[in-house]
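One structure below.
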Amino acid sequence: MDSSAAAVPTSLHGRRVLVVDDDRLNLRILAGILQSQGYVLADAATGEQALELLDSFKPDLVLLDVMMPGIDGFETCRRLKARLGDQAPPVIFITARREVDDVVEGLGAGAVDYLPKPFKAKEVQARIRAHLQNRLLVEQQQQLVDQLSRANAAKNRFLGMAAHDLRNPLASVRGLAEFLQDGALGPVTPEQSEVVRTILEASQSMLSLVNDLLDVATIESGVLKLNLGPCDLARLAGECVAMVNIEADKKRTRVELEVSGDAVELRLDAAKIRQVIDNLLSNAVKFSPPGSNIRALVKCDEAAGTGSFAVRDQGPGIPEGERDKLFKDFSRLSNRPTAGEKSTGLGLAICRKIVDAHHGMISAENLPSGGCEFRFFVPSQP
């Protein structure tokens, strides 16, 4: 047996290795090979003993014999994986059996590798070192994910607090500007009226952004709760179309609603679905040229308990190579609104999150005749 020791990174010193074998000679051989590596060792003679040691020893790696009294190595490995799940340490089988079926069964039970008997010191050390380094990398990645999750949660809390604190003052600014515009404090000169109009537009734009930030912070914090109730999707869409046409008239644009399928009430959060429809309609008006005809389509299926809404605009469509930006926070396409309207880059991201919360799907595709279709599909909630 080659007993020469290879250098072990200091990051692996103190790593815990559990050796499971009913042959005491094998245990002594493996202990002799591994002790010089700086590992902490424990041993067990049966699979049952190994499972009992899991909670107290907390191994970083398990060397597991296949043939043992009681439950064999394959069953021991399966039980270990079932108990610890994603936190289970890597398992390397140690066996003199080299049949392909045995190897396949071992890998199927959850093992990551095999060590053949008789042992070769350099091979044992190299394999164990490689799998411990892989486990260390996984742990470091998980730590990074945890740190990023905490940072993201802190960001959402900050956005939520900042947006909440800004919303009331902005609403006051907008209200006071409307008060001035209506002449409640006396006549307003044309120059003053232009300034007031600018204040109104700027405050409304900022208020929309603040409301979007609040929505994103609420959704990403995991506290988005659906207030489910009966919802007539066709009627809801009709109300949204009527409202958006008031703004669309300023661009000589018209939105027409088409309803097909069954007349059925779905269980949805009507306020949040309205938010999705309003956003899709507003975007269609923004990105379609003046004088456009925009189609909104609603279809419900009573038997399946589903509903869908689509809007087909006459805009430039989704630019080539920019599809991956859709539905992402703060992502804007190279296309710009045709009348200088404001866009925060959050609306579609909020739509996706609301539709996801309803277990539905939202998509977008360019139309052969030009323009783009945005569509969402939602099932009735239980």
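Each of Gln143, Pro230, Gly110 was placed along the dipole of the chain (beta-carbon charges, centred on the mean Cα), and the one lying farthest toward the positive end is Gln143. Within straight-line reach of Lys225, meaning a Cα separation under 16 Å, sit the following lysines at least 8 residues removed in sequence or on another chain: Lys272, Lys353. Computed from phi, the 3J(HN,Hα) profile of the range 103-114 under the Karplus parametrisation 6.51, -1.76, 1.60 (θ = phi - 60°) reads 4, 4, 5, x, 5, x, 6, x, 6, 9, 6, 10 Hz, with x in place of Gly and Pro. Only beta bridges with both residues in the chain are counted; by DSSP, about 50 percent of them are antiparallel.
Find the centroid of the Cα atoms in the range 348-382 and in the range 109-149, then give the distance between the two in whole Å. About 43 Å separates the Cα centre of the range 348-382 from the one of the range 109-149. Going from the residue with the fewest nearby Cβ atoms within 10 Å to the one with the most, Val40, Val104 rank Val104, Val40.
Relative to its residue count, the range 229-379 spans a Cα convex hull of 103 Å³ per residue. Panel order for Ser308, Ser193, by other beta carbons found within 10 Å of each beta carbon, from fewest to most: Ser193, Ser308.
Summarising the amide proton neighbourhood of Val19: residues at separation of 5 or more, or on other chains, whose placed amide H is nearer than 5 Å comprise Ala42, Asp43, Ala44, Leu63. Highest GNM mean-square fluctuation among Gly238, Gly261, Gly70, for the chain modelled with Cα contacts below 10 Å: Gly70.
Residue-wise HN-Hα couplings along the range 239-253, as the Karplus relation 6.51 cos²θ - 1.76 cosθ + 1.60 with θ = phi - 60° gives them from phi, are 5, 5, 5, 4, 6, 5, 5, 5, 6, 5, 4, 5, 9, 6, 9 Hz; Gly and Pro carry x.
When only Cα pairs below 8 angstrom with a gap of at least 6 residues are kept, the range 10-119 shows a relative contact order of 24 percent. Here Cα Rg over 2.2 N^0.38 Å was computed from the coordinates, and among (1) 1.03; (2) 1.52; (3) 1.21 the match is (2). Proximity of backbone amide H atoms, modeled 1.01 Å from N, is registered between Leu115 and Phe93, Ile94, Thr95 at under 5 Å, excluding neighbours fewer than 5 places apart on the same chain. Taking the fewest neighbouring Cβ atoms within 10 Å as the starting point, the ordered list for Ile128, Ile92 is Ile92, Ile128. For the range 55-62, 3J(HN,Hα) computed residue by residue from phi via the Karplus equation (6.51, -1.76, 1.60; θ = phi - 60°) reads 6, 7, 8, 6, x, 8, 7, 10 Hz, glycine and proline entered as x. Pairwise Cα distances in the range 266-331 exceed 14 Å for 69 percent of all pairs. For Ile294, the residues whose modelled amide H falls within less than 5 Å of its own, excluding neighbours fewer than 5 places apart on the same chain, are Arg254, Val255, Glu256. Within the chain, the longest run free of exposed loop sites, counting trypsin sites (Lys or Arg not before Pro) that sit outside DSSP helix and strand states (H, G, I, E, B) and have at most 11 other Cβ atoms within 10 Å, spans 253-382.
Bear in mind these aren't lab numbers, they're just calculated from the coordinates by the rules spelled out. Predicted model, so just to flag it, every value in this text is computed and none were measured. So basically every Cβ, Gly included, is an ideal-geometry build from the backbone, and we count neighbours across all protein chains shown.
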